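Notes follow once the structure below has been shown.
Derivation of every value follows stated rules applied to the coordinates shown; laboratory data play no part. Because the structure is predicted, anything quoted here is derived from the model rather than measured. Positions of Cβ are generated from backbone atoms using ideal geometry, with glycine treated the same way; all protein chains shown enter the neighbour counts.
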Amino acid sequence: MTDQNIKRRGALYRVLTLAALVLLAASFFAPTWWVSLTAPNYPEATFPDGIRINFHMDSVRNGCKIRASQEVEEKEALDCVHEMDTINHYVGMYPIASGGPVEKAFSPFLFAFLGVMLLVFAAPNRKTRMAISVLGYGAVAAWMLATMYAPNGISYHTRGYLEGLVNSLGQDTADKVDDANLAPIVRQLKEAMANVDKANKAAATEGGTRADLIDNLRANYNLDDAKLPAAAQEAWNGSGHQVMTWHYEKSLSRWFNMPEKNVPLARIMNKAALYLTIIVLAAMAFMTFAAWSTRRIFYWLLVLAPAILPLGFIVEYSAWLWWYGHRLNEMGAFTLKPFMPTVFGNGKVAQFTTHSYPNYGFALMVIMAVILILAALIRRKQLQLAGPDAENV
């Protein structure tokens with residue numbers, strides 16, 4: 001009876017863990033949080049959801065939809081990411097794309113890391129756990145290093161991340177130019193004026209391919225690089241790290257062109273990406289060690305780390321909101337005292353009412369966390385019943 005009980009508990013906790021793994025993957029692709037601005041000059045009849053944006057793990061996306069109205073026929077929805085950036089810059093807030101650049105860039109690798117941890121937790125014995133650890137973490141590490149540091153690594157990133165980078169450029173893409181085979185700067189600028197509309201629309205719309213998106217980023221990068229002194233220029237190599245660093249500085253200066261402030265911030269994010277790479281690799285090595293024995297307390301990190309993901313998101317989200325509210329640029333049209341934007345619920349900034357609430361992606365993460373806690377309790381009881389044979393169940 002005891003052996004049957006052990007097997008039943010083993011089957012149950014593994015089913016629960018795999019169900020949590022599916023929810024983890026779904027939460028990555030789903031919108032996690034949404035924020036909306038409403039004001040008298042944005043009437044509900046015209047803007048039923050206000051100026052709304054959706055936070056995904058790898059990007060910030062437009063939350064506005066095409067209006068169903070008999071009076072006005074819309075062929076595409078308002079770009080509310082750009083609209084919110086426009087509103088925020090009046091009070092000195094940096095654009096949305098300048099928040100969480102490292103987190104967005106590394107999000108697919110971190111989620112894949114957590115996914116491997118859950119597979120290891122569900123594995124039945126030490127040999128299987130170690131095999132999954134070595135192969136799984138190794139694959140994630142190779143993907144991360146290739147994407148962030150190999151030439152053309154940006155092509156291995158998620159489509160959502162690429163779309164987020166391109167769309168966040170907004171009106172800046174009016175200077176776009178593809179200069180792969182051109183040398184003179186004057187010729188670059190002339191080509192930009194002729195090709196901007198066609199290329200920009202192809203990359204920014206849903207019909208644009210991954211190659212379109214990358215070409216858009218490369219062309220914008222090359223144009224910016226051509227404006228630098230020769231000693232400071234760096235040829236495009238297409239690595240995720242290069243694109244992230246360039247895009248972050250460009251995002252900071254989109255509304256407030258102050259290199260003396262923006263360049264140091266970009267350098268900080270550059271270093272943060274390098275440090276995070278080392279930390280993730282070290283964490284993978286440690287989690288392989290943690291999987292060796294179910295009798296070690298570290299073994300439980302395999303399930304506890306993914307279980308605290310909702311809390312981790314709230315902490316990270318709150319920290320970046322604090323940064324936005326306390327990094328107000330003096331170039332803003334209006335002067336506000338540093339403030340903490342609303343994390344959850346409704347708030348007030350000037351004449352705008354802010355709404356900040358979890359989206360269904362966050363609900364998926366919470367459900368996943370509850371399931372994992374239950375799976376951990378069942379696993380704990382199973383190991384207690386197994387006694388000396390715990391390593392083999």
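Tabulate in residue order the Karplus-calculated ³J(HN,Hα) for the range 110-125, using 6.51 cos²θ - 1.76 cosθ + 1.60 with θ = phi - 60°, rounded to whole Hz; enter x for Gly and Pro.
My calculation for the range 110-125 gives 5, 5, 5, 4, 4, x, 5, 4, 5, 5, 5, 4, 7, 5, x, 8 Hz in order.
Of 276, 217, how do they rank once you tally other Cβ atoms within 10 Å and put the fewest first?
Starting with the residue having the fewest Cβ neighbours, the order is 276, 217.
Across 20 Å bins from the origin, how do the percents of Cα pairs in the chain run, short distances first?
Calculated P(r), rounded to whole percents: 25, 50, 22, 3, 0.
Could you list the residues of the range 367-393 with an amide nitrogen less than 17 Å from a label point located 7 Å from the Cα of residue 2 in the Cα-to-C-beta direction?
380-393
With everything on Cα atoms, drop me the angle between helix 80-89 and the longest principal axis of the chain, reported from 0 to 90° to the nearest 10.
Approximately 70 degrees, to the nearest 10.
Using the 10 angstrom Cβ neighbour count as an exposure proxy, how do 147, 2 rank, fewest first?
If I rank by nearby Cβ atoms, fewest first, I get 2, 147.
Which three numbers, in whole Å and largest first, are the semi-axes of the equivalent ellipsoid of the range 248-352 derived from its Cα gyration tensor as √(5λ)?
38, 21, 7
Percent of Cα-Cα pairs per 5 Å bin, from 0 to the last occupied bin, for the range 8-138, please list those.
Using 5 Å bins, I get a P(r) of 2, 9, 14, 15, 13, 10, 9, 8, 7, 6, 5, 2, 1, 0 for the range 8-138.
Could you pull out every residue, at least 5 positions away or on a different chain, whose amide H is within less than 5 Å of the one on residue 349? Hs are placed 1.01 Å off N in the peptide plane, and Pro or chain starts have none.
Under 5 Å from the amide H of residue 349: 354.
Work out the FRET efficiency for residue 340 and residue 392 from their Cβ-Cβ distance, taking R0 = 41 Å, and round it to the nearest 0.05.
According to the calculation, E is roughly 0.20.
Tell me, how many Å apart are the Cα centres for the range 315-334 and for the range 99-146?
Using only Cα atoms to place each centre, the spacing works out to 32 Å.
In what order do 47, 298 fall by count of nearby beta-carbon atoms within 10 Å, going from fewest to most?
Values: 47 20, 298 13.
Result, fewest neighbours first: 298, 47.
Pairs 65/337; 227/261; 65/227; 227/337; 65/271: which exceed 30 Å Cα-Cα?
Working: 65/337 33 Å; 227/261 19 Å; 65/227 37 Å; 227/337 35 Å; 65/271 38 Å.
Pairs exceeding the cut-off: 65/337; 65/227; 227/337; 65/271.
What nm value, rounded to one decimal, do you get for the distance between residue 292 and residue 142 when each label is placed 7 Å out toward the C-beta?
About 2.5 nm separates the two model spin labels.
Can you work out the FRET efficiency for the pair residue 381 and residue 230, with r the C-beta to C-beta distance and R0 = 51 Å, to the nearest 0.05?
E between residue 381 and residue 230, to the nearest 0.05, is 0.15.
How much length, in nm to one decimal, is gained on full extension between residue 209 and residue 130, taken as 0.36 nm per residue of separation minus their Cα-Cα distance?
Here the answer is 24.6 nm.
How large is ³J(HN,Hα) for each residue in the range 342-359, as worked out from phi by the Karplus curve 6.51 cos²θ - 1.76 cosθ + 1.60 (θ = phi - 60°), to whole Hz, x for Gly and Pro?
After applying 6.51 cos²θ - 1.76 cosθ + 1.60, I find 5, 7, 9, x, 10, x, 9, 9, 6, 8, 9, 9, 9, 10, 9, 9, x, 9 Hz.
What nm distance separates the two modelled labels at residue 65 and residue 357, each placed 7 Å from Cα along Cα→Cβ?
For the pair residue 65/residue 357, the computed spacing is 1.4 nm.
Need one number for the range 321-393: average projected area of the convex hull over its C-alpha atoms, nm². Write out the running numbers ahead of the final one.
Working: hull surface 34.0 nm².
Mean projected area of the Cα convex hull: 8.5 nm².
I need the phi-derived Karplus couplings for the range 28-42: 6.51 cos²θ - 1.76 cosθ + 1.60, θ = phi - 60°, integer Hz, Gly and Pro marked x.
5, 8, 8, x, 8, 8, 9, 10, 9, 10, 10, 7, x, 7, 10
Return the FRET efficiency for the residue pair residue 319, residue 257: r is the Cβ-Cβ distance, R0 is 25 Å, and the value is rounded to the nearest 0.05.
Result of the calculation: an efficiency of 0.45.
Test of understanding: extend the Cα→C-beta vector of residue 329 to 7 Å, then name every residue of the range 260-304 with backbone N under 16 Å from that spot.
Of the residues in the range 260-304, 260-267 have backbone N under 16 Å from the label point off residue 329.
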